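Following: one structure in structure tokens, then a few remarks.
Since every read-out is calculated from the coordinates, none of them should be taken as a lab result. Values in this document were obtained by computation on a predicted structure and should not be read as measured data. Cβ placement follows ideal geometry from the backbone for every residue including glycine, while neighbour counts extend to all protein chains displayed.
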Amino acid sequence: MSEVNLLESVTTFLQRSHGHYINGVSVLGQENEAFSVINPASGEVIATVNQGGEHEVNQAMQAASDAFHGAWAQISPMERGNCLNRLADLLQKNSEELAQLESLCSGKPIQLSRMLDVGASADYLRYFAGWSTKITGETLNVSLPSLKGEKYSAFTRREPIGVVVGIIPWNFSIMIAIWKLGAALACGCTIVLKPSEYTPLTILRVAELAKEAGIPDGVINIVNGSGAHVGTSLINHPQCAKVTFTGSVPTGMNVGKLALEQGLKRTTLELGGKNAAAFLSDMTVEKIVDGILEAGYVYQGQICAAAERFYIPSVHMDAVLVLLSERLSAMKIGSPLDESTEMGPLANKEHYEKILSMFETARQEGNEIVHGGYALEGPGFFVAPTVIKANSVEDTLMNEETFGPIGTFLSYDDEEELITMMNATPFGLSASLWTNDMSKAMRMIPDIKAGILWINMHTFLDPAVPFGGIKSSGIGREFGSAFIEHYTELKSVMMRY
Ligand code: TXE
């Protein structure tokens, strides 16, 4: 396979002047400053995007509020679902254009962009579309005394929460935005999205498709700019009823604190962690290595649910590290636009520098770098996939999220001790347990502290299965039916008659 040819629509889109998407129109905004979008595979500027300011924030929030009370409130739940289904159709119709844009901006291998940012996004939209007609309350039995023959009845309603602010990271610039907007729109909310400064482009194109899908103006708005400025202004805005955020733990904590201070605004936080993958001794070395590659190295490890801590039975440790190093050496690292590429660059320069400093930390702490641990030559932000053998659970690489292609390994002998080690973290987004002994797995499931636990698999998400973290990895759940309570308020109605 070879490098894909860029579509003309991709080149034309990149050459346009970019800013924001407000009330159904692409606008450049009033600010003079622009920031550059850099292709992480080459380090070159591929587009510029205008920075937003108070004016754009106010316009977008007003448009979202008007649509919430107006056009979006007028249409039936069925039609809301139809809108999301039509947007899913258009994502699929424009699949290659969107996938190429995503790969150019984020360094994601093109096959993954096609499968996840476009293919899975369409599936998520269709899932949320189905929920739009199924959001219900309950009727309740009331036990109040009836002194003069009066009767009582009560019911609950799930009412859309209002204007949602969605703050998006750079790792899945289409898919995570779709998670937020699909959930919001299915529940009858409207949304203002703030993409990451590193990947501000793709969702602007999706917003244009949303208009083509018949989603009324103002229902989806996008304001580009920095987190500290535009992100904070959106959260502070009086018309913001809820914030949904995906990103790093420190930023998420600040966002959550600010939203609470600004009038207990509802908040969903999906943050990172230091996820564990543990293999029991009945697994073969080959199966363990297959599992490690699935859990830790897809998309350069830049997936919040990916594993970074690997626990291997001591009897298998040496053989696992040898085979894993062989498999990583054979991995094709290169252009994200080459269909045979298995690993691309890190998504941006700051992240690349952070990963290089993590290699340094591991060396300083006396960890053994079994494979990789260095930057690759040439332009772009490429590093070698890396395998580190830790000395103890205390080591930095066993505790701090790298968000890169770095697996840190520790051996164990005792399965009781294994669970204690897996849980010894302030985070709890995901974990995986790998064994052929399902009876043992079933007994261990309640003791492993994570929002999502995989058995013999890792990182796979499905719209029907709730996703979110415990402890410092977040608040709230996306998908399943769980998202509904985060995008609606529960109103109780009591009646005497
Ligand atoms: O993330 P941030 P950054 C990790 C990863 C990476 C590190 C930093 O380790 O190296 O975080 O990346 C917006 N108020 N993850 O700086 O800060 C910001 O503009 C409101 C893990 O990109 O979390 C962007 O849109 N918003 C992660 C979004 O928040 C603010 C995915 C995420 O930015 C803000 C990405 C503020 N004060 C990075 N400050 C995961 N676990 O999924 C920033 N933002």
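State the answer as a single residue: which of ASN254, GLY273, PHE155 lies farthest towards the positive end of the charge dipole of the chain, with beta carbon charges of +1 for Lys and Arg and -1 for Asp and Glu, about the Cα centre.
PHE155
With +1 assigned to the C-beta of every Lys and Arg and -1 to the C-beta of every Asp and Glu, and no other charges, what is the dipole magnitude of the chain about the Cα centre in debye, to the nearest 20?
On the way: 36 positive and 55 negative charges, 430 e Å.
That gives the chain a dipole magnitude of about 2060 debye.
Choose one of GLN364, VAL37, MET398: the residue whose Cα lies farthest towards the positive end of the charge dipole of the chain (beta-carbon charges +1 Lys, Arg; -1 Asp, Glu; about the Cα centre).
So the residue furthest toward the plus end is VAL37.
So what is the calculated 222 nm ellipticity per residue for the chain, using -39500 (n - 2.57) for each DSSP H run with n of 4 or more, over all residues, to the nearest 500 deg cm²/dmol? If you can, show how the numbers build up before the last one.
Details: 16 runs with 170 residues, N = 497.
Theoretical 222 nm ellipticity from helices: -10000 deg cm²/dmol.
List every residue whose amide H lies under 5 Å from the amide H of ILE22, counting only residues 5 or more places away in sequence or on a different chain, with H placed 1.01 Å from N in the peptide plane.
VAL27, ILE222
Write down the percent of antiparallel bridges among all DSSP beta bridges whose residues are both part of segment 319-464, to the nearest 5. All intermediate terms of the calculation are to be shown ahead of the outcome.
Numbers: 4 of 13 bridges.
Percent antiparallel among DSSP bridges in segment 319-464 is about 30.
How big is the gap, in Å, between the Cα center of segment 107-147 and the Cα center of segment 36-99?
A separation of 19 Å, based on Cα centres.
For Cα pairs less than 8 Å apart in space and 6+ apart in sequence, what is the mean separation divided by the residue count of the chain, i.e. the relative contact order in percent?
Numbers: 1130 pairs, mean separation 91.3, N = 497.
It comes to 18 percent, rounded to a whole number.
Where both partners of a DSSP beta bridge lie in the chain, what percent of those bridges are antiparallel, to the nearest 5?
On the way: 31 of 72 bridges.
Antiparallel bridges: around 45 percent, rounded to the nearest 5.
Can you list residues whose amide H is under 5 Å from LEU376's amide H, if they're 5+ apart or on another chain and H is modeled 1.01 Å from N?
PHE382, VAL383, ALA384
For LYS211, which lysines qualify as cross-link partners when the Cα separation must be under 22 Å and same-chain residues fewer than eight apart are set aside?
Within reach: LYS93, LYS180, LYS194.
Starting at the first residue of segment 452-457, write each ³J(HN,Hα) from the Karplus equation 6.51 cos²θ - 1.76 cosθ + 1.60 with θ = phi - 60°, in whole Hz, x for Gly and Pro.
Running phi through 6.51 cos²θ - 1.76 cosθ + 1.60 with θ = phi - 60° gives 9, 10, 9, 10, 6, 6 Hz.
Quote the FRET efficiency, to the nearest 0.05, computed for GLU8 versus ASP290 with a Förster distance R0 of 45 Å and r equal to the Cβ-Cβ distance. Could the numbers behind the result be given before it?
On the way: r = 40 Å, r/R0 = 0.89.
Plugging the Cβ-Cβ distance into 1/(1 + (r/R0)^6) gives 0.65.
Restricting to DSSP loop positions (anything but H, G, I, E, B) with no more than 10 other Cβ atoms inside 10 Å of their own Cβ, which trypsin sites (Lys or Arg not before Pro) remain in segment 402-463?
none
Give the residue list of chymotrypsin sites (Phe, Trp or Tyr not before Pro) in segment 383-463 that are DSSP loop and have at most 12 other beta-carbon atoms within 10 angstrom.
Numbers: sites: PHE403, PHE409, TYR412, PHE427, TRP434, TRP454, PHE460; in loops: PHE403, PHE460.
Answer in residue order: PHE460.
Could you name the lysines in cross-link range of LYS151, using Cα to Cα under 26 Å and dropping any fewer than eight places away on the same chain?
Excluding near neighbours in sequence, the set is LYS491.
Past 25 Å, Cα to Cα, is the threshold; run LYS257/LYS471; LYS134/LYS242; LYS257/LYS349 against it and keep the listed order. Display every interim value, and only then the final one.
Details: LYS257/LYS471 15 Å; LYS134/LYS242 22 Å; LYS257/LYS349 28 Å.
Pairs exceeding the cut-off: LYS257/LYS349.
Compare the Cα positions of SER226, PHE409, VAL4 along the charge dipole of the chain (+1 at Cβ of Lys, Arg; -1 at Cβ of Asp, Glu; about the Cα centre) and return the one farthest towards the positive end.
Comparing the listed Cα positions along the dipole, SER226 ranks first.
Within segment 350-409, report the trypsin sites (Lys or Arg not before Pro) that DSSP leaves as loop and that have at most 11 other Cβ atoms within 10 Å. Can you show the working numbers first?
On the way: sites: LYS354, ARG363, LYS389; in loops: none.
For trypsin sites (Lys or Arg not before Pro) across segment 350-409 that sit outside H, G, I, E and B with at most 11 neighbouring Cβ atoms in 10 Å, the list is empty.
Run the simple label-point estimate for GLU44 and SER17 please: 7 Å along Cα→C-beta, distance reported in nm.
Going from the GLU44 label point to the SER17 one covers 2.4 nm.
Please list 3J(HN,Hα) in residue order for segment 273-286, calculated via the Karplus relation 6.51 cos²θ - 1.76 cosθ + 1.60 where θ = phi - 60°; whole Hz, with x for glycine and proline.
x, 8, 6, 9, 10, 10, 10, 8, 6, 6, 7, 7, 4, 4
Nothing charged except the Cβ atoms of Lys and Arg (+1) and of Asp and Glu (-1): what's the magnitude of the dipole of segment 164-224 about its Cα centre? Round to the nearest 20 debye. Walk me through the intermediate numbers first.
Working: 4 positive and 4 negative charges, 22 e Å.
That gives segment 164-224 a dipole magnitude of about 100 debye.
Got the relative contact order for segment 275-455 handy, in percent, Cα pairs under 8 Å and 6 or more residues apart?
The value is 28 percent.
Pop out the Kirkwood hydrodynamic radius of the chain from its pairwise C-alpha distances, inverse of mean 1/r, in Å to one decimal.
Details: mean 1/r = 0.0422 Å⁻¹.
Kirkwood radius, the chain: 23.7 Å.
Would you work out the charge dipole size for segment 275-455 about its Cα centre, treating the Cβ of every Lys and Arg as +1 and the Cβ of every Asp and Glu as -1, and quote it to the nearest 20 debye?
On the way: 11 positive and 27 negative charges, 63 e Å.
Here the size comes out at about 300 debye.
How about LYS389: which lysines have a C-alpha closer than 21 Å to its C-alpha, ignoring those fewer than 8 places off in the same chain?
Correct list for LYS389: LYS274, LYS287, LYS354.
Roughly how far apart, in whole Å, are the Cα centres of segment 255-308 and segment 190-235?
26
Given a Förster distance of 25 angstrom, what is the FRET efficiency for GLU360 paired with ASP414, based on the Cβ-Cβ distance and rounded to 0.05?
0.15
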